[in-house]
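All remarks here apply to the structure that follows.
Every read-out reported here was derived from the displayed coordinates using simple, explicitly stated rules and does not represent laboratory data. This one's a predicted model, so the numbers in the text were calculated from it and none came from an experiment. Note that we place each Cβ from the backbone using ideal geometry, even for glycine, and neighbour counts take in every protein chain shown.
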Amino acid sequence: MSLTVATLIPGLLLLLLGLPLLLNHSGYTAMLKSFPRSTAAAYLFFGVGAAWFLYAIWHLSPADFGEYRTLLFIGFLLVAVLSFKCVPDFLAVRGLATLVLMGAMPLLEAAYMEYNKPQRLVMVTAVYLALAGAIWLGAQPWRLRDFFTWLFAQPARARGVGGALIGYGLLLAVVAFTY
């Protein structure tokens, strides 16, 4: 993946997340409030995240325990399937965290060793913040529900966060074309 595309992807995602917040769209607000415990979102996000992770496990090199990939694949497949039965609460949040963790690698690889392009740090900073958030929410997924409760308690908060997301997304979109 090129550095331009790797910078443009998070920028567009931030724009897509921030615009409905800035506009105070009621349907988007309802969707976000129901997201943490949504069964449909759990199947989508956790299913895609687990499939991506299992794909990565299956393609491990010998230096990364590749000789045990079948055993690892079966073990993690069982964990993924049993998660739907044993820990269905907030599974959508855990799936989203998995997608963020898996998606960060190609983005950070695109910026790796590109020292002559310091503007790459605008994208890298956003990715590392997302990684920190994903690790935190993966361990404590109910915090996303609490965050949404706080966010939508006052309409100005949602608009402020939406404006900040749009601002950083626009910055990333502009930076993407400066390489």
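A compact table of results
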| quantity | calculated |
| --- | --- |
| √(5λ) per eigenvalue of the Cα gyration tensor, the chain, largest first, Å | 29, 26, 11 |
| Unit charges on C-beta of K, R, D, E only; dipole of the chain, Debye | 520 |
| Among 113, 123, 31: highest mean-square fluctuation, GNM of the chain, C-alpha pairs under 10 Å | 113 |
| Distance histogram in 5 Å bins (all Cα pairs of the range 1-77, percent per bin) | 3, 12, 13, 12, 17, 14, 13, 8, 5, 2, 0 |
